[in-house]
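The values are calculated or read from the model by the stated rules, or taken from the named source; none is laboratory data. The model shown is predicted, which means the values in this text are computed figures rather than measured ones. As a convention, Cβ positions derive from the backbone with ideal geometry for all residues, glycine included, and neighbour counts pool all protein chains shown. Protein only, heavy atoms only, side chains kept; ligands, DNA and RNA dropped before computing areas. Shrake-Rupley method; radii C 1.70, N 1.55, O 1.52, S 1.80 Å.
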Amino acid sequence: IETAGWKYADRDSYGVNSYPRTGVALRTLQGLIGDEAFYKGMRHFARTWRYDHPYPEDFYRTFQEGSGQSLDWYFRELFQSTGTVDWSIAVEQKKRAERRGFFQAEGGEFLEKEHGESEESEGGEGDSKSPFHVEVELRRKGELFLPLPVQLTFEDGTIQDLVWNREEQQTATWKRIEFDSDTKLSSAVIDPRRGYYVDRDLSNNRWYDEKDSLAPLRWAERVLAQYQHYLHFIQGLGG
């Protein structure tokens, strides 16, 4: 993004990096540090450099002073590189297989568990306490590393928030989260508050146990909105 305007390959490259990509990077920065810190940083930059000619380094430094955040890594990865990213999430969920055969009881003796017999009667912990085994797999394609929030929602309304941090992403392109649950997982969502705008493909950021009936309507609305912008552009060419 900080490439000088006359050093781009062509006008299209300049247009994409100077405006849309910069907007995406700033909106993502707002989602990363929050509205309050973001507005403090932008106000401090505007007041410090009004009627002057700041360079990229001036913006980086002044924004961090105003926001109170240490963001050298962010400006390096988003403004000084050509990195991209595509996060995705996949879930495999199944009921735990019923344990059958001989198992050691608390007293040390071996007992045979018959079909349909509760292990609690044998002194065991019991599969009935965690009937579901869940595997959540996160993947990253690209060179950007941002702390990625993930939200898991269960059928009983319980919500569990997780974070795939930068350090983990720098050492591996995937992360698998496994656990047993007595309640079925109903959804798993990357960036539930939609604070990041750098993801190249949002269609693989959500998983639902049941089909999402609203998804086709949301994508249809996006397509129609883009087509509307195109028609406005054509109308403008005609005067």
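Some observations on this one:
- Among the residues making up segment 1-22, those that are among the small types (Gly, Ala, Ser) and in contact (Cβ under 8 Å) with a residue 12 or more places away in the chain are Gly5, Ser18.
- Residues satisfying the stated conditions in segment 60-72, i.e. open to solvent by 40 Å² or more (accessible area, probe 1.4 Å) and closer than 29 Å to Gly142 by Cα: Arg61, Gly68, Gln69, Ser70, Asp72
- Counted residues, segment 97-143 - those being more than 29 Å from Glu168 (Cβ to Cβ), within 42 Å of the chain's Cα centre (by Cα) and at pLDDT below 75: 14
- Given (1) without any contact (Cβ under 8 Å) to a residue 12 or more places away in the chain; (2) farther than 19 Å from Tyr196 by Cβ, index of the condition Asp35 fails: (2)
- Unmet criterion (only one of (1) open to solvent by 90 Å² or more (accessible area, probe 1.4 Å); (2) outside any strand (DSSP E or B); (3) not aliphatic (A, V, I, L, M)) for Phe75: (1)
- Residues satisfying the criterion are present in segment 201-215 (criterion: in a helix (DSSP H, G or I) and either modelled with pLDDT under 80 or open to solvent by 90 Å² or more (accessible area, probe 1.4 Å) (or both)).
- Search result, residues across segment 133-166 that are part of a strand (DSSP E or B), out of contact with any Asp or Glu (no Cβ under 9 Å at 6 or more places or on another chain) and open to solvent by 50 Å² or more (accessible area, probe 1.4 Å): Ile159, Gln160, Asp161, Val163
- Of all residues making up segment 78-97, the number that are open to solvent by 70 Å² or more (accessible area, probe 1.4 Å) and in a loop (DSSP other than H, G, I, E, B): 4
- Each residue in segment 46-64 was checked for being in a helix (DSSP H, G or I) and more than 22 Å from Gly195 (Cα to Cα), and 9 of them qualify.
- Members of segment 28-59 that are surrounded by 14 or more Cβ atoms within 10 Å (Cβ to Cβ), aromatic (Phe, Trp, Tyr) and over 19 Å from Arg76 (Cβ atoms): Trp49
- In the set (1) open to solvent by 90 Å² or more (accessible area, probe 1.4 Å); (2) at pLDDT 95 or above, the condition left unmet by Gln169 is number (1).
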